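Heads up, the thing below is written out as structure tokens.
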Amino acid sequence: MKYFAKEAIRADNDSSLTPSQQKANHRKFNRNCKAYNKQLLKLESRISKQAFNFFYLGFTRWGLHDARLVSFSAGDGLDYRANGKQPFRINRQKAGVRIEILNYEQNLFYTFHFTGIRKTVFDFPSDDPLCNSDRVDGLFTYELTAAGKRFLRLEFLFTSGAIILIEFAKLQFARKRVRRRYAIGEMYS
């Protein structure tokens, strides 16, 4: 991650830092946010309006901080149904990646579907963990950046230290409202 690296999480959670060191980290974080938004503006024409609005404005109530990874799928036939009615057309399939994430309040469900895949990495458990965990854990941050003229890169960093990185040509983004019928506290039971 270029703008929101693991080191920022470590520094943010380091209780041994002095108040002046904490302020310096906060200033650095603010500079990184401004630099990230500036480079994100350059990517606006390369993604849908809905996706751009999410990435540019998505760190508020629409954001994914502390969200949970529901699924991460990669393969040549993400939408193929093995029901015997249609062949798996070997020469027509292309690699794709789908990520599904549920926000912290569990009332928004996000789907990211990537095609034109150049690179995919799922680093779990991480060689550089932030905490020892038997789960991917909450989403700490994410960033969309350019990976050349044709490709974009989307990275997700989780509080466990796990990372998902995808370099892709095309993104389909969807957000669906979920009508939660249970108390928010039930997610901890």
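Residue-wise test of (1) of a type outside the set (Gly, Ala, Ser); (2) touching a strand residue (DSSP E or B) at 6+ places or on another chain (Cβ under 6 Å); (3) under 23 Å from PHE168 (Cβ atoms).
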| site | (1), (2), (3) |
| --- | --- |
| PHE4 | yes, yes, yes |
| ASN25 | yes, no, no |
| LEU40 | yes, no, yes |
| ILE90 | yes, no, yes |
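Being more than 18 Å from PHE112 (Cα to Cα), surrounded by 12 or more Cβ atoms within 10 Å (Cβ to Cβ) and charged (D, E, K, R) is the filter here, so list the residues in region 164-189 that pass it.
ARG180
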> Just to be sure, is GLY161 surrounded by fewer than 17 Cβ atoms within 10 Å (Cβ to Cβ), part of a loop (DSSP other than H, G, I, E, B) and among the small types (Gly, Ala, Ser)?
Replying inline: no
> For region 77-130, how many residues meet the condition of being buried (at least 16 other Cβ atoms within 10 Å of the Cβ) and either aromatic (Phe, Trp, Tyr) or in contact with a Cys (Cβ under 6 Å, 6 or more places away or on another chain) (or both)?
Replying inline: 7
>> Which residue is farthest from the chain's Cα centre (by Cα), if the candidates are limited to region 145-181 and must be at pLDDT 95 or above and of a type in the set (Phe, Trp, Tyr)?
In response: PHE151
> Quick one: in region 40-67, which of the residues that are loosely packed, with under 15 Cβ neighbours inside 10 Å, at pLDDT 90 or above and in a loop (DSSP other than H, G, I, E, B) is farthest from the chain's Cα centre (by Cα)?
Replying inline: LYS42
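The values are calculated or read from the model by the stated rules, or taken from the named source; none is laboratory data. Computed from a prediction, not measured in an experiment: that's the story for all the values here. So basically every Cβ, Gly included, is an ideal-geometry build from the backbone, and we count neighbours across all protein chains shown.
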